[in-house]
Structure formats: structure tokens, C-alpha cells
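The values are calculated or read from the model by the stated rules, or taken from the named source; none is laboratory data. These figures come from a predicted structure and were not determined experimentally. Because the Cβ atoms are built from the backbone with ideal geometry, glycine has one as well, and the counts that use them run over all protein chains shown. Remember, those area values only see protein heavy atoms, side chains included, never the ligands or the DNA or RNA. Shrake-Rupley method; radii C 1.70, N 1.55, O 1.52, S 1.80 Å.
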Amino acid sequence: MPCAATDKRYNLFSAHLKERFGGRVHKISVDAGLGCPNRDGGRQGGGCLFCDPDGSGSVGIERQLSVGEQLEQGKEVMVRKYKARHFMAYFQPFSNTFAPPAQLRALYDEALAVSDMVGLAVGTRPDCLPAPVIDLLADYHQRTYLWLELGLQSCHDATLAHLRRGHDYATFLAAYARAKEAGLRVCVHVILGLPREDRVMMLATADELARLRVDGVKIHLLHVLTGTKLGEAFLRGEVAVLGQEEYVSLVVEFLERLHPATLVQRLTGDGPRQRLLAPLWSLAKWEVLNAIDAELARRNSFQGVACRIDGER
Ligand code: SF4
């Protein structure tokens, strides 16, 4: 069934927010300057193959400003452009639980002190969620609208090892279980088009997300950026990227396999234009999103129609 509020054939997160808060909610990315254990934690390898040294979503962020100042600045732009009234602070670049709980508490409180901030989204890695941090997040879950955004990328250990993620799938499953036990809403990030993954492997990740009945998902297209190890490999001719048609059909099949209740928070990525090596077609984001809608309509298909959980088909 199409979503009554949007006519989309998938469960659109922004529509959910609109219904819950009585108006559109604008996410503002904020850089708390916390770094990442996979880059800065003394491990060999220096981060994931695709890691952007500036941190994902950092375009436009003035990281020398405090969290509160970044959010006020972001709000000002959104109010001017969209007459926005509701906001969420999105701790996006790097790993936003990579600090002692007292420091995290101060940062999250600073964000929530900004007026009209209706909630928080905290992005991090599965190996960066010790028990005291889960307890802290559970406390925020009680008093605000909180999403934990957990980077998985793939459920295949061979892929995670090749990407130098620094964690395996079992680590993700353990972190996910702890977060769900604490009652947290969890959005899982995955990437389509990773090196050494074929269609069957990518769709197996969708089946895993369906099995886990994740609350939310962000589907990203692999972006190859200058200044990354992946970019160097691409320039040596060692990395192939997806074509638009292939990506669109993969996303559609991925959506078909998800649980119907999972909120879809993203269907492609926003690579920094100046540093994007490939795929360049991804710069036309609306074209990609429209093509996904068109393909779902052509197949007369919906999120969840091929969900493999017993009783969900
Ligand atoms: S987890 Fe994120 S920030 Fe850390 S190395 Fe990987 S891509 Fe970079």
C-alpha cells in the first residue's frame, strides 16, 4: 500500500516526523569534534577505506564553533530558507559516542538547550557503545526523541575486513542487542556498491535488517572521494562503481526485502561535490530518487513485499 500521507511506496521517515511533531522537522548536522576509534584510537590502518578525513556530512559545518553555535547557525539558515520551526540535532561526522559519558552528556545537553530542538540523532560505530554510554543514551531516550544511528555498511565479515572497518558483524549484533534492550530507536546505515560485494550479498544485508526488524535504515550509495584510500584505488583502476540503473534496481529490491514497518531515512547519499570522483551521476539526487519511485511503480511494488520474516510475506 502506498503511504497515505506521501504516496510513497516505502515508509518515509520525514512523513513520520511530520505526523509526530505536527510539522516538518529539519535535521541539523553538528560536529562535536570527537574523532573515531578506527582513525584516532591507535589502531593500524587509519580508518575505513572510504573514510572522508573531514567526516561524513561535514560540508558547511564550521567545526571551530561550539555545538550550540553550530546549531544556531544551522537554524538561522533553515528558518530563512524554509520558515522551519522544528529541528533535530544530528551528531553526524565521525563517532559521536567516542568520549567519556560526562563529556557526551555536556554535548547532548548543549544541543537540547537550543530552542525548538525536538530531539537528537547520534551517529556512531558498533564498537563504540560500552554499557555506561548505552545507559546514558537510555536516559536521553526517556526525556527526548532520540535516534541512535549505527554504521554497519554490510553484514558480511569479508567485506567489513576488506573495508578495514575494525569490527565484524557479531560486534554489530551485540551492540544492536544492547541498544534494543535499553529501548533505543536504532537506525542502521548500509552502503550499496561496496567493493567485492555482488547483488546477492547486498540483498542478504537487507534480509538481515528485516530479521532484526530495525526501526530505521539509511541506504547509501558508495561514493568515491579524493583524499580517501578508496579514491586512490579507484584512480589506479582497482575499484568499479555502480551505474544509476543498477543502483535504482538494487535499492528497490532492498526496500522490498525490508520489514514493512522500518522507517526509511535515506535512499542515497550526498557526496561533497568538489571531491566526488565517482559515481558522478549521483550528483543529480532528485533524478535518482524519482527513478526509485518510478521503478517501484513500474513493478507495482512496495517496501516489505519480499520480506523474508515468517508471517510477513
Ligand atoms: S567509522 Fe566512520 S569515521 Fe570512523 S574510520 Fe570508518 S568511516 Fe571514518
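Observations on the model:
- Shape of the chain, Cα gyration tensor, a/c cut at 1.5: rounded
- For residue 83, a cut-off of 24 angstrom between C-alpha atoms picks up these lysines, skipping any fewer than 8 places away in its own chain: 18, 27, 75, 285.
- Taken per residue, the accessible surface of the chain reaches 45 Å², heavy atoms only and a 1.4 Å probe.
- Per atom type, the chain shows carbon and sulfur on 51% of its accessible surface, probed at 1.4 Å.
- Listed residue (248, 38, 102) projecting farthest to the positive dipole end of the chain, Cβ model: 248
- Accessible surface of residue 78 - all protein chains present, 1.4 Å probe, nearest 10 Å²: 40 Å²
- For the range 97-112, Karplus couplings with θ = phi - 60° (6.51, -1.76, 1.60), whole Hz, Gly/Pro x: 10, 8, 5, x, x, 5, 5, 5, 4, 4, 5, 5, 5, 4, 5, 6
- Amide H contacts of residue 221 (H built 1.01 Å from N, under 5 Å, at least 5 apart or other chain): 192, 269
- Estimated FRET transfer efficiency when R0 is 51 angstrom, pair residue 82-residue 158 (beta carbons, to 0.05): 0.75
- For the range 49-170, the relative contact order is 23 percent, taking Cα pairs closer than 8 Å that sit 6 or more residues apart in sequence and dividing their mean separation by the residue count.
- Electrostatic dipole magnitude of the range 13-298 [Cβ: Lys, Arg +1; Asp, Glu -1; Cα centre; debye, to 20]: 380 debye
- The order of 253, 246 by accessible area, most exposed first and with a 1.4 Å probe, is 246, 253.
- Phi angles across the range 272-288 convert, under the Karplus curve 6.51 cos²θ - 1.76 cosθ + 1.60 with θ = phi - 60°, into 3J(HN,Hα) values of x, 3, 5, 10, 7, 8, 6, x, 5, 4, 5, 5, 8, 4, 5, 4, 5 Hz, Gly and Pro given as x.
- Under the convention that each Lys and Arg Cβ holds +1 and each Asp and Glu Cβ holds -1, the size of the dipole of the range 106-162 around its Cα centre is about 100 debye.
- Length-normalised contact order of the range 13-298 in % [C-alpha pairs under 8 Å, at least 6 apart]: 16 percent
- Rounded to whole Hz, the Karplus (6.51, -1.76, 1.60) HN-Hα couplings of the range 209-218, x for glycine and proline: 5, 5, 4, 7, 6, 4, 6, x, 9, 10
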